[in-house]
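What follows is one structure encoded as structure tokens, with my remarks underneath.
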Amino acid sequence: MTNIPRSITVFCGSAAGDNPAFAKAAHDLGVLLANNDIKLVYGGGGIGLMGILARAVDDHGGEVDGIIPEFLTVPEVMEDAPGNLEITENLHDRMQKMAAKADAFVVLPGGIGTIAELVDILTWKQLGRHDKPIIILDIEGYWSPLVELLSHIVAHGFSHGDLSGMFRVVSNVGDLEDVILGIAD
């Protein structure tokens, strides 16, 4: 029998981006998590893809844990933020708490902050600090340049081993569902 993760930390943008497919993927992922009783752990706030994702989980009866640094708790970020909220002193503490609460990680489109979060969890995995699944949701090729960069890093000898073995790339929420529900296989 497959062990479905009980909580997934999702990294994604505090903006919605320029492609409606990003917002649809965030919403559909939220529904998927709620329908499978998987707790969402995310960066807190009610804006952008983060807000779309968290509201979808909440609207479908799922559990939402937001973790946000104190300096980001301004009204324009916090408006419509559902679920439980934990406030940390800084971004580093936020990342550690988000990682500790995760059984797996999913990365949706996002900006520099999302890239930093992905690089952190990849680095921690490479250093043996965790062995949790990392799944990149590459909506319409959004993350393809970053995945190519990671291969470039390996090709030029700046990584021990193949980084691509530390994460999975899927192109849609349907494929992500197959990975999540079969994550222990």
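Bear in mind these aren't lab numbers, they're just calculated from the coordinates by the rules spelled out. Here the structure is a predicted model, which is why all the values come from computation and not from measurement. Glycine also receives a Cβ, built like all others from the backbone with ideal geometry; neighbour counts cover every protein chain displayed.
Going from the fewest other Cβ atoms within 10 Å to the most, the residues Thr123, Thr88 appear in the order Thr123, Thr88.
For the chain, the longest principal axis of the C-alpha atoms and the axis of helix 20-35 are separated by about 80°.
Packing, taken as the mean count of other beta carbons within 10 Å per residue, orders the peptides 109-116, 25-32, 11-18 from highest to lowest as 25-32, 11-18, 109-116. Against the chain, whose longest principal axis is taken from its Cα atoms, helix 144-155 shows a tilt of about 40°. About its Cα centre, the dipole of the chain is roughly 400 debye, where the only charges are +1 on Lys and Arg Cβ and -1 on Asp and Glu Cβ. In the structure displayed, which of Lys24/Lys132; Lys97/Lys125; Lys24/Lys97 lie more than 18 Å apart, Cα to Cα? Over 18 Å apart, Cα to Cα: Lys24/Lys132; Lys24/Lys97. In region 7-180, taking the dipole from charged Cβ atoms about the Cα centre, the farthest positive-side position among Ala104, Leu150, Asn35 is held by Leu150.
Which order do peptides 135-148, 73-86 fall in by mean Cβ count within 10 Å, highest first?
Details: 135-148: 17.2, 73-86: 13.7.
Packing proxy ranking, top to bottom: 135-148, 73-86.
Tell me whether region 106-185 comes out rounded, prolate or oblate; compute the Cα gyration tensor, take square roots of the eigenvalues as a ≥ b ≥ c, and use a/c under 1.5 as the rounded threshold. It comes out oblate by the Cα gyration axes.
Starting with the fewest neighbours, write out Met50, Met166 ranked by other beta-carbon atoms found within 10 Å of each beta-carbon. Don't jump to the answer; show the numbers that get you there.
Values: Met50 29, Met166 17.
Going from sparsest to densest Cβ surroundings: Met166, Met50.
Contact order for region 34-185, expressed relative to its length and based on alpha carbon pairs under 8 Å spaced 6+ residues apart, stands at 17 percent.
Can you bin region 1-130 into rounded, prolate or oblate? Criterion: square roots of the alpha carbon gyration tensor eigenvalues sorted a ≥ b ≥ c, rounded for a/c under 1.5, prolate for a/b above b/c, oblate for the rest. Mind showing how you got there, number by number?
On the way: a/c = 1.32, a/b = 1.05, b/c = 1.26.
Taking the square roots of the gyration eigenvalues as a ≥ b ≥ c, region 1-130 is rounded.
Report, in deg cm²/dmol and to the nearest 500, the calculated mean residue ellipticity at 222 nm for the chain, where each DSSP H run with n ≥ 4 adds -39500 (n - 2.57) and the sum is divided by the residue count.
On the way: 7 runs with 78 residues, N = 185.
Helices in the chain give a 222 nm mean residue ellipticity of -13000 deg cm²/dmol.
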